[in-house]
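Beneath this line is the structure, given in structure tokens, with notes to follow.
No value in this document is a laboratory result; all are computed from the given coordinates. Everything quoted here is computed from the prediction, not taken from an experiment. Ideal geometry is used to build each Cβ from the backbone, glycine not excepted, and the neighbour counts take in all protein chains shown.
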């Protein structure tokens with residue numbers, strides 16, 4: 001497969017809109033929290049690959065009918081953004097809908113999923129999901145876009161483009177999982193709702209200090225996207241749980257010792273951080289951002305950005321001089337939760353700043369327990385799911401999401417960095433991981 | 001006429017006088033006929049001997065028998081089915097506006113005009129558009145129109161077959177009306193192909209006859225059934241809106257985009273004696289009025305290309321007024337056959353009085369609610385319905401089926417009358433003996449009306465009807481302006 005510009009494998013593209021089957025929302029105004037607005041420049045792009053049996057015998061109208069039934073219970077993402085008198089954006093629940101893109105691919109599913117070393121790993125998946133951002137015409141921009149690409153063999157790729165302003169990746173996964181339930185005629189008791197606005201937003205208290213995990217950019221106006229200084233490329237690799245356990249023990253040493261155990265995600269962070277720091281010798285990577293789900297509270301039935309904690313880890317000592325174990329302990333114990341001060345920084349400023357969160361520092365996002373394989377279409381699970389977070393800053397993003405390869409459970413680690421250092425990082429990572 | 005509460009005895013007396021007058025005049029012919037015949041028969045029979053009396057009686061019996069046998073058998077409307085669109089074809093206003101904005105980026109004024117139309121249209125956000133309209137840009141090819149035609153027509157016919165157990169091989173007459181879309185082979189051929197109708201079926205495909213074509217088809221079926229005893233007829237009324245989409249910016253031509261929606265109906269008519277028992281209605285009369293000889297009426301609804309070459313349907317500003325005039329013409333024809341004699345006498349006396357005595361007398365508008373129990377007025381648009389209500393002096397309840405059909409389904413053109421009839425049935429208001437008046441208006445300018453008599457009370461809930469899911473929410477209050 002050569003992704004040349006002459007002939008794209010994707011053709012027969014048709015764009016339409018799908019929305020709730022009944023009047024929902026009733027033009028209600030859904031307010032956005034400070035955290036929502038802080039994440040507005042990022043987009044979560046997930047591609048689910050299904051075998052032919054999942055959609056067999058369904059016409060496009062049949063598929064659309066399941067979507068209409070689904071969105072009856074999830075109508076907030078079907079709205080459009082408006083600005084209140086103070087200039088603060090909110091969502092008008094007007095049933096405008098989700099943009100649906102139908103496409104065909106001239107390759108079979110298996111052929112498409114075969115790994116090719118020389119390609120940017122994200123590139124082929126990017127063809128199956130929309131890259132549209134919100135704005136410049138905010139009135140008519142859909143926050144959610146879905147692409148249904150039919151392969152030659154009958155398999156189907158479902159590409160979900162989800163504006164991060166609505167919620168985090170866990171929320172996006174829960175949202176689309178409801179569609180799977182709708183195809184099996186199961187519906188939730190209550191429609192999806194958004195987390196309430198914190199009352200403290202009205203008090204506009206100034207934060208104690210400026211958060212270090214975000215960067216003020218823009219002003220972007222109504223076009224919610226940032227252009228990168230350099231081209232970003234992605235390299236991804238798969239690691240089974242067994243391999244992760246080996247990595248873990250290679251970092252922590254003997255289990256009998258009384259040292260604190262570094263969990264698999266943090267172990268991966270350690271390795272990748274060190275590789276990147278070694279490659280980028282001039283600009284020593286002394287600060288990283290870690291995004292993890294808040295394990296305490298349950299956010300079921302809610303679309304929100306409050307469930308993800310944004311933590312900043314800083315080291316005064318150059319990273320290359322630290323052992324993996326020390327780095328791991330630093331990540332575990334010295335991470336500063338900046339979620340609250342980010343929200344305060346957003347709410348206290350009347351000008352409503354534009355923040356860049358992912359990619360301001362090298363950012364690690366932990367999605368290893370995201371329910372992406374729970375999307376069950378008429379009894380069929382996806383054969384593969386690929387996650388990506390687009391429109392990120394120049395420092396890069398490392399995404400860890402669940403993966404299933406050769407019938408073996410594990411994770412896929414997706415590293416997005418500027419194109420000038422990605423190949424070096426790739427070779428170094430391969431070397432480091434093979435040693436474990 | 002306003003009802004006075006019987007407060008005083010004079011009011012009560014006046015009421016009884018009115019009732020006596022009406023009863024006497026309404027039945028005057030019957031009284032005269034019976035008394036004359038009885039007197040003549042008695043006189044004659046007394047003077048005749050046995051043989052002559054027997055001969056006279058037998059002659060009378062034979063003449064009556066010949067009369068009844070040769071009388072064309074009544075046409076019954078056995079049942080009908082309306083297309084119930086899938087909710088996947090729903091078109092909320094917000095989506096309609098977004099679609100229009102994305103296609104017509106430069107002309108802000110047309111967009112604002114369409115917003116104002118939608119706000120005042122009386123349509124809800126549950127009306128449905130053809131599948132091709134949901135695409136950006138809309139898919140308006142012949143293939144898309146055919147897809148819509150198959151979707152609407154086949155669903156309606158399947159529903160009718162389910163309701164009536166009709167065998168496609170038993171269909172003798174097939175009439176389909178669809179104004180704008182006319183492919184080759186025709187839509188009737190499409191139906192015959194799908195349902196494998198007999199090769200000798202009498203089929204007719206009516207095009208170009210506008211929103212009133214539904215009743216023209218019913219009239220044609222009636223005439224054919226009169227000439228062919230013991231036959232079944234299927235009438236399909238629909239408007240395929242895919243080719244109707246106007247892509248230009250002229251205001252008078254943008255209205256159909258905002259009002260026309262997906263819809264269709266299939267009606268089963270028969271003159272077979274065995275269908276009489278289960279038929280829902282008896283088709284009493286169809287009256288057609290054509291005003292094309294008047295220039296203004298002729299140009300009122302006109303399909304033409306605008307200055308940019310976009311094809312659309314231009315609606316004149318005088319549409320409601322012309323509609324009113326066409327209705328009055330139709331009333332003049334249908335009035336005598338349906339109005340009770342008392343109303344006709346009053347109308348005659350008032351007209352003579354206006355002509356010879358005093359022009360300033362108000363013209364007497366007959367009270368049609370005395371002749372009919374239910375009214376199905378084509379849901380052409382809010383202004384049209386208001387005008388009809390004013391002209392016929394109907395109450396809000398009489399006009400409710402039209403308003404609610406416009407709200408739930410939009411303007412479905414020739415099939416709207418059947419959605420309205422279905423509404424009345426779903427509300428449990430249709431009882432045996434009820435008289436229904438269907439009035440259709442359309443380009444030409446035409447006003448066609450049909451009179452139906454309910455043959456058997458219709459039980460609720462009406463299975464498989466288009467109102468099945470939502471009848472409990474109706475009637476709704478429709479505000480003058482819905483703010484978008």
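Okay, here's what the table says:
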| read-out | value |
| --- | --- |
| Listed peptides B:200-213, A:53-66 by packing density, highest first (mean Cβ within 10 Å) | B:200-213, A:53-66 |
| Sequence ranges B:468-481, B:427-440, ranked by mean other-Cβ count within 10 angstrom, highest first | B:427-440, B:468-481 |
| Whole-Å distance, taken between Cα centres, linking the stretch B:47-105 and the stretch B:220-260 | 18 Å |
| Considering only the protein assembly as shown, percent of DSSP beta bridges that pair antiparallel, nearest 5 | 75 percent |
| Residue-averaged [θ]222 nm for the protein assembly as shown, counting only DSSP H segments that reach four residues, each worth -39500 (n - 2.57) | -11000 deg cm²/dmol |
| Least to most buried among A:36, A:354, B:49 (fewest other Cβ within 10 Å first) | B:49, A:354, A:36 |
| Part-to-part distance (alpha-carbon centres) for the stretch B:369-398 and the stretch B:264-318, which is given in Å | 17 Å |
| Nearest-ten-degree value, helix B:50-70 long axis tilted from longest Cα axis of chain B | 0 degrees |
| Descending semi-axes in Å of chain A, equivalent ellipsoid built from Cα gyration tensor | 33, 28, 20 |
| Within chain B, percent of DSSP bridges classed antiparallel, to nearest 5 | 70 percent |
| Rounded to 10°, Cα long-axis angle of helix B:108-120 versus longest principal axis of chain B | 30 degrees |
| Anisotropy class of the stretch A:21-89 from Cα gyration tensor, a/c 1.5 cut | oblate |
| Relative contact order (%) - criterion: Cα under 8 Å, at least six apart; region: the stretch A:256-359 | 29 percent |
| Rounded, prolate or oblate (a/c below 1.5 giving rounded, otherwise prolate when a/b exceeds b/c) for the stretch B:76-473 by Cα gyration tensor | oblate |
| Cα gyration tensor shape of the stretch A:297-372, rounded if a/c is under 1.5, else prolate or oblate by comparing a/b with b/c | oblate |
| By average C-beta atoms within 10 angstrom, highest first, the peptides A:327-334, B:308-315, B:59-66, B:83-90 | B:83-90, A:327-334, B:308-315, B:59-66 |
| Residue among A:71, A:138, A:160 with the largest mean-square fluctuation in a Gaussian network model of chain A, springs linking Cα atoms under 10 Å | A:138 |
| Nearest 10 degrees, 0 to 90: helix B:382-392 Cα axis against chain B principal axis | 10 degrees |
| Other protein chain Cβ atoms within 10 Å, averaged over every residue that makes up A:415-426 | 0 |
| Relative contact order, percent, chain A [alpha-carbon distance under 8 Å, six or more residues apart] | 23 percent |
| Chain B - percent relative contact order, Cα under 8 Å, separation 6 or more | 20 percent |
| Other protein chain Cβ atoms within 10 Å, averaged over every residue that makes up A:88-95 | 2 |
| Distance from the stretch B:126-155 to the stretch A:414-436 (C-alpha centre basis), Å | 51 Å |
| Average other protein chain Cβ within 10 Å of Cβ, residues A:11-19 | 5 |
